[in-house]
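The values are calculated or read from the model by the stated rules, or taken from the named source; none is laboratory data. Bear in mind the structure is a predicted one, so any value in this text is a computation, not a measurement. Every residue, glycine as well, gets a Cβ built from its backbone with ideal geometry; the counts of neighbours run over all protein chains shown.
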Amino acid sequence: MAQFRDFLEEEGLPTINDRIEFLLPVIKNLGTQKLRMIWLKKTINGVSTEFGDADATLNETHLIARHLAFLDLDRLTFKLERFKAERGWYNLNLTRQGIEELLADQSWRRLQIPAEELVFNSFEKKRLWDEIALSLLKKYTERYYTFRKQQWELPHLEYRNLEGDDPNFLCVKESPNDCYYCILIDKSQEEIGERFR
């Protein structure tokens with residue numbers, strides 16, 4: 001930390017010692033009117049739901065069958081499976097055939113890329129096409145999963161009163177009776193400091 005302060009001083013930037021600290025308390029008194037929020041029920045059918053600038057005209061095109069023939073579908077499937085696992089979407093099934101059919105269907109995507117990037121003049125472009133296909137598939141998978149999850153959760157949402165110990169409030173877990181927003185102001189900004197006082 002001392003090295004960081006020394007670095008700030010060398011660069012002529014304000015250090016922590018050049019600042020005034022204001023602590024604004026977090027007020028959890030919601031008054032007599034209860035604040036309501038929409039929540040997913042804690043259990044559904046006995047199962048817990050808790051867990052932890054360009055001015056130019058853009059060229060719009062598609063990956064067509066000739067591009068898709070060069071793609072490594074096994075590698076794309078593997079990478080998409082890893083993407084799915086990283087997000088914990090274990091209830092989502094992916095198949096190589098499904099991925100192939102999805103890539104063949106042009107109705108769900110728009111690709112804005114310079115036309116020369118999709119010309120068949122170099123085998124080096126295959127890597128770019130693989131990355132484009134993977135990015136499109138990841139985005140589609142993410143949207144599909146989110147849509148289906150929201151569709152499943154919708155009938156199970158409920159209103160609950162927001163209590164003072166709700167985790168949406170600042171520092172509920174650390175020290176609920178001693179919560180503050182900390183605001184640091186440069187000493188040179190004295191007029192702002194006066195307003196806070």
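Filtering the range 129-149 for residues that are under 30 Å from GLN33 (Cβ atoms), exposed (fewer than 15 other Cβ atoms within 10 Å of the Cβ) and either within 20 Å of the chain's Cα centre (by Cα) or not small (Gly, Ala, Ser) (or both) leaves an empty set. Being loosely packed, with under 15 Cβ neighbours inside 10 Å and within 17 Å of LYS125 (Cβ to Cβ) is a property that holds for ARG66. Does GLU142 qualify as being of a type in the set (Asp, Glu), out of contact with any strand residue (DSSP E or B) (no Cβ under 7 Å at 6 or more places or on another chain) and over 30 Å from LEU40 (Cβ atoms)? Answer is no for this residue.
Selection of the range 69-83 for residues being at pLDDT below 90 and exposed (fewer than 11 other Cβ atoms within 10 Å of the Cβ) yields only ALA69. Of all residues in the range 78-98, those that are under 15 Å from TYR145 (Cβ atoms) and assigned by TED's automatic domain parsing to the domain that holds LEU68 have Cβ atoms under 6 Å from Cβ atoms of residues that are surrounded by 12 or more Cβ atoms within 10 Å (Cβ to Cβ) and hydroxyl-bearing (Ser, Thr, Tyr), 6 or more apart or on another chain, in TRP89/TYR145; LEU92/TYR145. Summed over the range 31-62, the residues that are modelled with pLDDT of 75 or more, closer than 24 Å to ASN168 by Cα and not in a strand (DSSP E or B) give a count of 5. Taking helices (runs of 4 or more DSSP H) as the structural unit, those lying wholly within the range 84-197 and holding at least 2 residues that are at pLDDT 80 or above and within 29 Å of ASP74 (Cβ to Cβ) correspond to 96-104, 125-153. Restrict the check to the range 91-108 and report whether at least one residue is surrounded by 11 or more Cβ atoms within 10 Å (Cβ to Cβ) and under 30 Å from THR32 (Cα atoms). So far as the range 91-108 goes, no, none of its residues is surrounded by 11 or more Cβ atoms within 10 Å (Cβ to Cβ) and under 30 Å from THR32 (Cα atoms).
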